[in-house]
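Okay, structure first, notes after.
Values in this text are rule-based calculations from the coordinates and carry no lab data. Remember, it's a predicted structure, so these values are computed and weren't measured experimentally. Neighbour counts run over all protein chains shown; Cβ positions are idealised from the backbone, glycine included.
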Amino acid sequence: MKRINSNVYTRGKFGKNPRETVDTDNEFLYSHGIYPTKIKKEDLPESYVEIRSRVIWYMLGYVKTADVVDIDYIPLKINHLFKDDYMYISYKDKLSYKNNRYGFMEVTNYDVCICGNSIIPVLLGIEKYSNIYFKS
């Protein structure tokens, strides 16, 4: 049994330049897009959901949907549905907020940020594998 400790695994590694991805054809995954592992997609538990998100520079990735403590969805009320929306996930503590230097409220202690069309599958996974009550 392989040790699966990370909340995010990617199919490829972040490069040194912004938005650069390298080693995307490697069958082994990278923890947080940085650290090489000996874990393959097949080794991940069912609670890891496949995503392709702009947050990880369009790389294929897998996000843990079990053991989630808190989430927050922040929509952008203009433009396309989900394209520029964000979902913040915390695995340790409740999310906290503070005003940034421009006076806008921002989430400060999240572990993973998901955006785009990956929000729905991740949300469905959280509903299935975590003990979170969704209110409307």
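The distance from the alpha carbon centre of region 29-46 to that of region 83-136 is 22 Å, rounded to a whole number. Give the Kirkwood hydrodynamic radius (Å, one decimal) of region 1-110, defined as one over the mean of 1/r across all pairs of different Cα atoms. Evaluated on region 1-110, it is 15.5 Å.
Seen against the Cα atoms of the chain and their longest principal axis, helix 119-129 is set at about 80 degrees. Put a plus charge on the Cβ of each Lys and Arg, a minus charge on the Cβ of each Asp and Glu, and nothing anywhere else: the dipole of the chain about its Cα centre is then about 240 debye.
The charge dipole of region 8-64, taken about the Cα centre with unit charges on the Cβ atoms of Lys, Arg (+1) and Asp, Glu (-1), comes to about 240 debye, rounded to the nearest 20.
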